[in-house]
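Each remark here refers to the structure printed beneath this line.
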Amino acid sequence: MASLGVNIDHIATVRQARRTVEPDPVSYVLLAELGGADGITVHLREDRRHIQDRDVELLRQTVRSRLNLEMAATAEMAAVALRLRPDMVTLVPEKREEVTTEGGLDVAGQGAALADLVGRLQQEGIGVSLFVDPVAQQLEASQASGARWVELHTGAYADAAWSEQPRELARLCEASFIARSLGLRLNAGHGLNYQNVEPVAGIEGMEELNIGHSIVARALAVGLSQAVREMKALVQNPRRDPLFGSLQP
Ligand code: PXP
C-alpha cells in the first residue's frame, strides 16, 4: 500500500503573493498530519518563489512524520540539506522560467558529480531519491549513481488526453517494474489529483506518492485535513478499474 507525501509548497505560494506572514505553511503541517499525511514535502527553489529557508528550518523541528526536501543538485542546496538533515532529499531539475518542475532529472547525462552528491547525503544518513522520467536509461543511471529511491515523474500521464492515459500508465507500470528489478525503491508524483491517482497508487511496489497542488486546491473547499484524508483513502484503497487493471506487468 502506498503512503502519501503531502507537498505544501502552494500554501507558501499564497503567502509569497503578498510577501507577508500568512498563511504560514509550517502551521498547516499539523492539519496535513491529522488528515493522514505520511510525510511532508517542500521544494526549496533557488529563486525562493514559495518555500523559504526559514520554513525548512522550522519544518525540520516540527514535522512529526517525515520531511522530504526537494532541491536542485547544486552546492548551495547540498549545504542546506547537510545542515538541516531532512529525512529524505529528492533531487529535481530546476529552470528559473518554469512554472513547475517540467521534466525528470537527466541522471544519465550528469555522471560523477551527481553520484558524489548522492554519496555525501547518504553517508550522512539522508535518504536520496531521484526524480526521473519513466524511461529505462534514466533508471539504470539512477541505480549507477548509488541512489536507493527513484520518484517517477507522472506528469505525462497526468497531462495525457483521456484516450492516451492507458498508454502513459503502461509506461509507468513498465518503468516501475524495471526500477524494482534494479533494486530501486519506488515513489511517484507530479500532477496527480483526485481523478487520476488511483491507477498509480495501485502499481505494484509503489511506496509513496507525492502530491501537492490538487490537495492544496481542494483544501480551499473542504479544509486541509479533510483534503488529505480524502486523498489518503484513494491512495490506500485504489479502485481496480478494468481499463487499467490489465496493464500491470
Ligand atoms: N514530486 C516532485 C518531484 C515535484 O517537483 C512536485 C511539484 O513540486 C510534486 C511531486 C508534486 O506535484 P503536484 O504539485 O503537481 O502534485
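Remarks
- The residues in the stretch 1-41 that are in contact with a helix residue (DSSP H, G or I) (Cβ under 6 Å, 6 or more places away or on another chain) and within 14 Å of the ligand (Cβ to nearest atom) can be counted, and the count is 11.
- The set of residues in the stretch 38-49 being surrounded by fewer than 22 Cβ atoms within 10 Å (Cβ to Cβ) and free of Cβ contacts under 8 Å to residues at least 60 places away in the same chain consists of Arg45, Glu46, Asp47, Arg48, Arg49.
- Odd one out for Arg64, checked against (1) charged (D, E, K, R); (2) within 15 Å of the ligand (Cβ to nearest atom); (3) part of a loop (DSSP other than H, G, I, E, B): (2)
- Failed item, numbered, when Leu117 is tested on (1) within 15 Å of the ligand (Cβ to nearest atom); (2) at pLDDT 95 or above; (3) surrounded by 21 or more Cβ atoms within 10 Å (Cβ to Cβ): (1)
- For the stretch 7-31, a residue qualifies if it is surrounded by fewer than 19 Cβ atoms within 10 Å (Cβ to Cβ), within 21 Å of the chain's Cα centre (by Cα) and outside any helix (DSSP H, G or I), and exactly one does: Asp24.
- Test: residue in the stretch 134-146 that is within 16 Å of the ligand (Cβ to nearest atom), hydrophobic (A, V, I, L, M, F, W, C), free of Cβ contacts under 8 Å to residues at least 60 places away in the same chain and crowded, with 18+ Cβ neighbours inside 10 Å: yes
- The stretch 60-85 residues that are touching a residue at least 24 places away in the same chain (Cβ under 8 Å) and under 12 Å from Arg45 (Cα atoms), paired with ones that are within 14 Å of the ligand (Cβ to nearest atom) and part of a helix (DSSP H, G or I) (beta carbon under 7 Å, 6 or more apart): Met71/Met77
- Some residue of the stretch 175-182 being part of a loop (DSSP other than H, G, I, E, B) and either β-branched (Val, Ile, Thr) or away from the ligand (no atom under 13 Å from the Cβ) (or both): yes
- Within the stretch 111-154, the set of residues being under 16 Å from Leu186 (Cα atoms) and of a type in the set (Gly, Ala, Ser) comprises Gly127, Ser129, Ala136, Ala141, Ser142, Ala144, Ser145, Gly146, Ala147.
- Only residues that are part of a helix (DSSP H, G or I) and surrounded by 16 or more Cβ atoms within 10 Å (Cβ to Cβ) were counted across the stretch 184-228, and they come to 15.
The values are calculated or read from the model by the stated rules, or taken from the named source; none is laboratory data. Everything quoted here is computed from the prediction, not taken from an experiment. Counting neighbours? That spans all protein chains shown, and the Cβs are built from the backbone with ideal geometry, glycine included.
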